[in-house]
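In what follows, a structure is listed as structure tokens, so that the remarks can point back to it.
The values are calculated or read from the model by the stated rules, or taken from the named source; none is laboratory data. Just so we're clear, the structure is a prediction, and the values are computed from it rather than from any experiment. With ideal geometry, Cβ positions are generated from the backbone for all residues, glycine too; neighbour counts draw on all protein chains shown. In case anyone asks, the SASA skips ligands and DNA or RNA and just uses the protein heavy atoms, side chains included. Shrake-Rupley method; radii C 1.70, N 1.55, O 1.52, S 1.80 Å.
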Amino acid sequence: MRFRKAEEMKAAEFDLTPMIDVVLLLIIFFMLSSQFARVNAKQVNLPSEPGESISEEAAPHEVVVDIDAKGVISVQDNAIADTDLESAFRSVSAEASDFVVRADRDCAAERLNLVATALIRLHVRSWKLAVAGDSAAPAPAGGTP
Amino acid sequence: MRFSHTRTGGGPSRYKLSLIALIDVVLFLLLYFMVAGTLAPEEKELPSTLRGEHGASGRQEDLQPQIVVVALGADGKAEFRIGARAVHDKASLATILRVLPKEGGVFVRTSGRVRVGAAAEAIQACRDAGFIRITYVPTG
């Protein structure tokens, strides 16, 4: 009976280190990508109201509308001209769409009203105004934009 | 019969716990928590219904809603008007709204001349006062 030599056993050894690296990288990637899906690319200074937590039962199709401090309106991260708002909403929204408006707190409400009016014309009955939650810095007194 | 000899004196390194893997795990956990910490300020939301200035439907409702007007005051700051009363801050608005009947809901009529922050304050004040049916009405 012949047993393997130590050298042969060493050659067959499996190094776990790269596998652990890859697995952890994948975990981090998936955890971060799920966060970024909600945070979105556009940096908007949201109103600092407590609001309510985002429900776990997410709508089947969520349409995110961003309005930055300059009043530029983006639908699903694409800048849209005022005149094309309705058609943009129509093209991205499905029957069970949930509209989330992320508007900069220093932006004129006129821009927000423009989005609201377009949604009303499309018979959208509700929307959600994104706010920063409790931890955000206090907003300045809302006056003339 | 011949057994392979075990290394007892020179090379016990094969049986030592590999520190490289441990360091990798710890560093990745550190990285994860650092990134997760910066993302922690999670967004919240203020849900409301939408309605045009002239009403979306011709249906006459039995219960009359409260109407909060968010408009620009004489001093250039946003003010919240309920009937004849006008206040400048969210807390005062919530105090006034708290004693009003809530069955009919509340309409937040927002002028285009104020900031978005003021509109959000008005909706939040309605929520704080206990209103469930909050309707956003864009005006201009």
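Worth pointing out:
- Candidate set from the stretch B:81-140 (those that are of a type in the set (Lys, Arg) and buried (at least 17 other Cβ atoms within 10 Å of the Cβ)); member that is nearest to the chain's Cα centre (by Cα): B:Arg127
- Checked against the criterion of being facing chain A (nearest Cβ under 7 Å), without any contact (Cβ under 8 Å) to a residue 60 or more places away in the chain, within 24 Å of A:Gly71 (Cα to Cα) and within 23 Å of the chain's Cα centre (by Cα), the stretch B:58-72 contains not a single residue that satisfies it.
- Residue match in the stretch A:72-95 (condition: of a type in the set (Lys, Arg) and at pLDDT 90 or above): no
- In a residue-by-residue description of the stretch A:97-109, the property of being surrounded by fewer than 20 Cβ atoms within 10 Å (Cβ to Cβ), modelled with pLDDT under 90, more than 10 Å from chain B (Cβ to nearest Cβ) and in contact with a strand residue (DSSP E or B) (Cβ under 6 Å, 6 or more places away or on another chain) applies to at least one position.
- For the stretch B:64-80, a tally of residues being open to solvent by 60 Å² or more (accessible area, probe 1.4 Å), under 23 Å from B:Leu50 (Cβ atoms) and touching a His at 6+ places or on another chain (Cβ under 9 Å) returns 0.
- For the stretch B:90-110, a residue qualifies if it is of a type in the set (Val, Ile, Thr) and within 23 Å of A:Asn113 (Cβ to Cβ), and the qualifying residues are B:Val106, B:Val108, B:Thr110.
- Count of residues meeting criterion [within 11 Å of chain B (Cβ to nearest Cβ), under 18 Å from the mean Cα position of the chain (by Cα), open to solvent by 60 Å² or more (accessible area, probe 1.4 Å) and modelled with pLDDT under 75] in the stretch A:14-49: 5
- Residue match in the stretch A:56-65 (condition: modelled with pLDDT of 65 or more, surrounded by 11 or more Cβ atoms within 10 Å (Cβ to Cβ) and facing another protein chain (nearest Cβ under 7 Å)): no
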